[in-house]
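Below you'll find the structure I mean.
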Amino acid sequence: MRLDILIILVLVLLTGSWLAWQTRQPEMPVERLSVLSLMAGGDGDFRRVTEPVPLSFPEAHAKHPEYQNEWWYFTGNLDTEDGERLGFQYTLFRFGTRPAERLDSAWAADTTWMAHLALSDGRQQQFFQSERFARGALGLAGADETRWWLRDWEVIRDDQTWHLEADAGDFALELAMTPKRPIVLQGDQGYSRKGPEPGNASRYYSVTRLDTRGQIRIGEQTLAVTGLSWLDREWGSNQLSEEQAGWDWFALHLDDGRDLMLARLRNLDGSTSEWSYGQLVQPDGSARYLENEEFSMEVLRWWTDRNGARWPLDWRIEVPLAGLSLVTRATFDDQHWQGSVDYWEGMIEVIDFDSDQPAGRGYLELSGYGEG
């Protein structure tokens with residue numbers, strides 16, 4: 001009897017220690033992750049995106065564990081009551097370690113979850129960032145049709161509004177984001193090709209314009225904010241070709257009411273991949289897919305970070321069929337993510353090239369430059 005009690009006590013202690021290990025704030029991973037390793041490699045047992053299929057909503061909002069990689073991605077430009085400009089990013093990433101059907105038990109973790117939270121303060125030119133990790137077991141992180149979370153950072157969908165709450169200690173966000181446009185299916189009915197090989201593709205949809213209201217805390221100061229946000233949802237396996245090095249991604253809210261997304265995929269030699277693409281969304285929500293040859297992009301200015309990596313921050317963009325000739329400029333240079341994944345993600349200003357007048361605001365993401 002005493003032996004049975006001892007065994008039970010040992011099991012309880014071991015279980016408690018394991019639970020504490022699972023739920024504690026993880027340390028920064030020793031080995032940094034590479035965009036290419038996350039997007040180009042893959043377990044052959046995961047399903048690949050090889051053709052268009054109808055996407056059903058709200059089911060598509062939930063996780064897709066049969067695919068290896070997935071993310072829920074918000075960015076936005078905000079204004080305080082005093083006219084100060086702020087930008088934010090909140091991203092929930094899911095990285096599958098093995099297909100869900102191969103799990104041995106309900107306690108096994110088939111997924112690593114990572115969340116990125118960032119705030120750009122345009123006036124102070126300060127960039128705040130925080131990241132968290134969790135394994136897929138015990139409900140520490142996940143995504144269903146109405147809730148996307150990693151511990152207490154979460155997005156909850158209520159009717160047509162997404163509510164984001166995330167507190168990183170020295171800064172925090174509490175935002176309500178309501179779509180002003182219908183969902184845009186990227187590529188061919190949400191089938192977004194990234195390269196020539198079978199599976200170099202993803203399921204991809206966006207909500208390009210969300211009316212955003214709420215509050216942001218920086219240190220002890222809480223600010224009421226309003227603005228516009230953008231949601232990207234994407235999943236797949238082995239999305240990038242081995243010949244690709246990264247991408248330059250623009251999400252622009254133009255002052256004339258149009259939304260413009262451009263994704264320049266880069267080859268290893270620095271040239272533009274023929275699989276680059278874009279999307280132009282009209283004020284009425286109608287969208288037109290842009291082929292690679294229907295737009296052009298030119299770097300106007302590079303910035304060198306403290307580690308010596310160079311990042312292209314200012315650009316010239318031409319979309320002739322839309323009558324667009326634009327310049328984009330980083331609101332400030334150092335919006336450089338330096339966590340487990342190295343990339344640049346920040347708020348940008350949009351200027352009309354001909355008049356040199358403001359034409360909108362947006363977000364720029366640059367990957368594959370600082371990985372060495």
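Filter segment 37-63 down to residues that are within 17 Å of the chain's Cα centre (by Cα), modelled with pLDDT of 95 or more and not charged (D, E, K, R) and give me whichever is farthest from LEU173 (Cα to Cα).
ALA60
Suppose the filter is β-branched (Val, Ile, Thr), over 30 Å from PRO182 (Cβ atoms) and touching a helix residue (DSSP H, G or I) at 6+ places or on another chain (Cβ under 8 Å); does VAL299 pass it? Can you show your working first?
Numbers: β-branched (Val, Ile, Thr): yes; over 30 Å from PRO182 (Cβ atoms): yes; touching a helix residue (DSSP H, G or I) at 6+ places or on another chain (Cβ under 8 Å): no.
Judged against the criteria, VAL299 is not a match.
Continuing with the same structure: If you go through segment 113-169, how many residues are of a type in the set (Lys, Arg) and more than 17 Å from the chain's Cα centre (by Cα)?
First pass over segment 113-169, keeping only residues of a type in the set (Lys, Arg): 123, 132, 135, 147, 151, 157.
Restricting the remaining residues to those that are more than 17 Å from the chain's Cα centre (by Cα) gives 123, 135, 151, 157.
So the count comes out to 4.
Taking segment 141-153, which residues are surrounded by fewer than 20 Cβ atoms within 10 Å (Cβ to Cβ) and either of a type in the set (Val, Ile, Thr) or touching a Lys or Arg at 6+ places or on another chain (Cβ under 6 Å) (or both)?
Result: THR146, single match.
Exactly one of (1) closer than 15 Å to PHE88 by Cα; (2) without any contact (Cβ under 8 Å) to a residue 60 or more places away in the chain is unmet by PHE127. Its number?
(2)
Considering segment 225-275 alone, what residues qualify as being of a type in the set (Val, Ile, Thr) and closer than 23 Å to THR50 by Cβ?
none
Right, something else. For segment 269-286, which residues satisfy the criterion of being within 16 Å of LEU321 (Cα to Cα) and without any contact (Cβ under 8 Å) to a residue 12 or more places away in the chain? So that I can check it myself, show each step before the final result.
Of segment 269-286, the ones within 16 Å of LEU321 (Cα to Cα) are 277-282, 286.
Matches in segment 269-286: SER286 only.
Being crowded, with 23+ Cβ neighbours inside 10 Å and farther than 18 Å from LEU364 by Cβ is true for just one of GLN215, GLN239. Which residue is that?
Working: GLN215 fails: crowded, with 23+ Cβ neighbours inside 10 Å.
Going through GLN215, GLN239 in turn, just one is crowded, with 23+ Cβ neighbours inside 10 Å and farther than 18 Å from LEU364 by Cβ: GLN239.
Let me ask something else. Collect the residues in segment 91-101 that are under 16 Å from the mean Cα position of the chain (by Cα) and either more than 23 Å from ALA166 (Cα to Cα) or crowded, with 24+ Cβ neighbours inside 10 Å (or both), keeping them in residue-number order.
Of the residues in segment 91-101, the ones under 16 Å from the mean Cα position of the chain (by Cα) are 91-95.
Residues satisfying the conditions are LEU92, ARG94.
Would you please list the contacts, defined by Cβ atoms under 7 Å and residues six or more apart or on different chains, that run from a residue in segment 164-181 that is without any contact (Cβ under 8 Å) to a residue 40 or more places away in the chain and under 16 Å from ASP211 (Cβ atoms) to a residue that is of a type in the set (Ser, Thr, Tyr) and surrounded by fewer than 17 Cβ atoms within 10 Å (Cβ to Cβ)?
Final answer for the pair search is ALA176/THR161; THR178/THR161.
Can you spot a residue in segment 20-34 that is within 22 Å of the chain's Cα centre (by Cα), at pLDDT 50 or above and among the acidic types (Asp, Glu)?
No, that holds for no residue.
Looking only at residues in segment 47-75 that are surrounded by fewer than 17 Cβ atoms within 10 Å (Cβ to Cβ) and of a type in the set (D, E, K, R), which one is farthest from ARG217 (Cα to Cα)?
GLU51
Residue check: is THR112 in contact (Cβ under 8 Å) with a residue 24 or more places away in the chain and either in contact with a Pro (Cβ under 9 Å, 6 or more places away or on another chain) or closer than 26 Å to GLN68 by Cβ (or both)?
Numbers: in contact (Cβ under 8 Å) with a residue 24 or more places away in the chain: yes; either in contact with a Pro (Cβ under 9 Å, 6 or more places away or on another chain) or closer than 26 Å to GLN68 by Cβ (or both): yes.
Answer is yes for this residue.
Mind listing just one residue for me: the one in segment 218-236 that is small (Gly, Ala, Ser) and in contact with an Asp or Glu (Cβ under 7 Å, 6 or more places away or on another chain) and, of those, surrounded by the most Cβ atoms within 10 Å (Cβ to Cβ)?
Of segment 218-236, the ones small (Gly, Ala, Ser) are 219, 224, 227, 229, 236.
Keeping just the survivors that are in contact with an Asp or Glu (Cβ under 7 Å, 6 or more places away or on another chain) gives 219, 224, 227.
Values: GLY219: 9, ALA224: 13, GLY227: 22.
My answer is GLY227.
Which condition number in (1) closer than 29 Å to ARG266 by Cα; (2) surrounded by 21 or more Cβ atoms within 10 Å (Cβ to Cβ); (3) modelled with pLDDT of 95 or more is the one that LEU78 fails?
So the condition that LEU78 fails would be (1).
The values are calculated or read from the model by the stated rules, or taken from the named source; none is laboratory data. The model shown is predicted, which means the values in this text are computed figures rather than measured ones. Counting neighbours? That spans all protein chains shown, and the Cβs are built from the backbone with ideal geometry, glycine included.
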